[in-house]
Amino acid sequence: MATVLDRIHDAVQLLAEVSDTPRADAEFLMAHLLGVPRSRLPLHYGEDADVPEFQIFVERRLACEPIPYILGEWEFFSIPIKTRAPVLVPRPETEHLVEVVLEELRGKRLRSRTETAPQGPEIGAPPRILELCTGTGCVAVAIAKTFPGAQVVATDISDDALALANENAGMHGLKSQISNLKGDLFDALGEGIGPFNVICANPPYVEDDAFPGLSASIRLYEDPRALVAGPDGLDVIRRIVAGAPRYLVDGGLLALEIGEGQYDAARPLLEAAGFRDVQARNDLAGIQRIVLGRKQA
């Protein structure tokens with residue numbers, strides 16, 4: 001019988017036709033089926049590979065299905081997140097959005113300890129976060145799980161996304177902290193919801209003309225509504241920036257994930273809407289990935 005390593009080698013040769021990371025793909029699939037972390041897979045290389053599902057998984061990957069959909073789960077911010085098509089797969093660059101929000105919450109909490117009572121009833125109140133375009137709910141889950149006490153309202157226009165976001169909130173015991181609402185951006189908010197200390201989003205930001213050039217794994221499986229946003233990719237971002245001031249407290253933070261090369265166009269949008277201290281946060285590749293600004297007091 002073939003060993004685990006033999007099966008991985010065979011899969012790598014096949015997956016090289018459709019993937020830029022065939023070895024990683026094969027190892028993720030095998031590790032999942034063996035029920036071990038990928039880092040410990042070498043300990044099982046010499047074992048008999050009695051895992052018939054592995055070939056089924058490889059065939060799904062050969063059809064360009066993303067690994068997170070095949071596994072049904074993906075790690076985001078060191079947290080397991082349930083995944084399934086067509087809801088957008090959590091991506092590492094979006095973790096920078098979470099980092100920006102957490103930095104804001106931690107800074108506000110630190111300042112509240114030194115504030116004096118005359119400054120108002122908001123001192124010490126649980127921070128309120130609005131996350132638009134929540135998708136799997138990975139951002140809301142990461143914020144709520146890392147910052148207990150934070151109250152997150154998350155919205156999405158997709159029934160598929162909201163069902164998955166609710167599952168992820170429930171899996172991590174966060175339904176008391178996260179409210180998932182259906183609607184188009186701010187339209188999901190009913191009377192009396194808000195204002196918020198932070199509004200964040202990983203909105204659609206791919207240019208219309210760029211969609212055909214995306215990988216087959218994206219084009220064939222992920223919801224285009226979560227990706228494409230007009231000729232310059234900024235249609236949804238414009239709407240968020242225009243609507244955010246109404247729902248932010250004075251001095252509240254707006255943080256948005258953007259595409260490569262979009263900061264020079266996004267920054268003037270925030271400034272024109274009255275946001276101050278507009279700046280970018282780079283991802284690990286040095287790309288200006290997050291645009292953030294603060295509502296004028």
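The values are calculated or read from the model by the stated rules, or taken from the named source; none is laboratory data. This structure is a prediction, so every number in the text was calculated from the model and none was measured. Using ideal geometry, Cβ is built from the backbone for each residue, glycine included, and neighbour counts are taken over all protein chains shown. Only protein heavy atoms, including side chains, enter the accessible area calculation; ligands, DNA and RNA are left aside. Shrake-Rupley method; radii C 1.70, N 1.55, O 1.52, S 1.80 Å.
What to note about this one:
- Output for segment 13-22, where each listed residue is touching a residue at least 40 places away in the same chain (Cβ under 8 Å) and not hydrophobic (A, V, I, L, M, F, W, C): E17, S19
- If you check L174, L164 for being modelled with pLDDT of 95 or more, outside any loop (DSSP other than H, G, I, E, B) and over 25 Å from R246 (Cα atoms), only one passes: L164.
- Of the criteria (1) touching a residue at least 60 places away in the same chain (Cβ under 8 Å); (2) within 17 Å of the chain's Cα centre (by Cα), which one Y247 fails: (2)
- Residues in segment 137-185 that are basic (K, R) and either open to solvent by less than 30 Å² (accessible area, probe 1.4 Å) or more than 17 Å from the chain's Cα centre (by Cα) (or both): K175, K182.
- Criterion (open to solvent by 80 Å² or more (accessible area, probe 1.4 Å), in contact (Cβ under 8 Å) with a residue 12 or more places away in the chain and of a type in the set (D, E, K, R)) met by exactly one of D50, D10, D25: D50
- Selection status of I193, more than 19 Å from G135 (Cα to Cα) and either out of contact with any Pro (no Cβ under 7 Å at 6 or more places or on another chain) or small (G, A, S) (or both): yes
Residue by residue, here is whether (1) of a type in the set (D, E, K, R); (2) under 28 Å from K82 (Cα atoms) holds:
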{"site": "E207", "(1), (2)": "yes, yes"}
{"site": "P224", "(1), (2)": "no, yes"}
{"site": "D250", "(1), (2)": "yes, no"}
{"site": "E257", "(1), (2)": "yes, yes"}
{"site": "G261", "(1), (2)": "no, no"}
{"site": "D264", "(1), (2)": "yes, no"}
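- Restricting segment 53-66 to residues that are acidic (D, E) and not in a loop (DSSP other than H, G, I, E, B), the residue that is surrounded by the fewest Cβ atoms within 10 Å (Cβ to Cβ): E53
- Within segment 189-243, considering residues that are on the phi > 0 side of the Ramachandran plot and free of Cβ contacts under 8 Å to residues at least 24 places away in the same chain, the one surrounded by the fewest Cβ atoms within 10 Å (Cβ to Cβ): G192
- Subset of segment 28-46 [open to solvent by less than 80 Å² (accessible area, probe 1.4 Å) and over 22 Å from C64 (Cα atoms)]: L34, G35, V36, P37, L41, P42, H44, Y45, G46
- Selection status of R84, modelled with pLDDT of 95 or more, open to solvent by 50 Å² or more (accessible area, probe 1.4 Å), assigned to a loop (DSSP other than H, G, I, E, B) and closer than 20 Å to I218 by Cα: yes
- Selection within segment 272-285 - among the basic types (K, R) and open to solvent by less than 20 Å² (accessible area, probe 1.4 Å): none
- Within segment 286-297, the only residue that satisfies the criterion of being surrounded by fewer than 16 Cβ atoms within 10 Å (Cβ to Cβ) and modelled with pLDDT of 95 or more is G286.
- Some residue of segment 137-146 being among the hydroxyl-bearing types (S, T, Y) and closer than 30 Å to D264 by Cβ: no
- Residue list for segment 244-271, restricted to those being assigned to a helix (DSSP H, G or I) and open to solvent by less than 10 Å² (accessible area, probe 1.4 Å): A244, A266, L270
- Looking across segment 28-39, just one residue is assigned to a helix (DSSP H, G or I), among the aliphatic types (A, V, I, L, M) and without any contact (Cβ under 8 Å) to a residue 24 or more places away in the chain, and that is A31.
- Residues of segment 122-135 satisfying the condition of being open to solvent by less than 40 Å² (accessible area, probe 1.4 Å), touching a residue at least 60 places away in the same chain (Cβ under 8 Å) and closer than 20 Å to P203 by Cα: I129, L130, E131, L132, C133, G135
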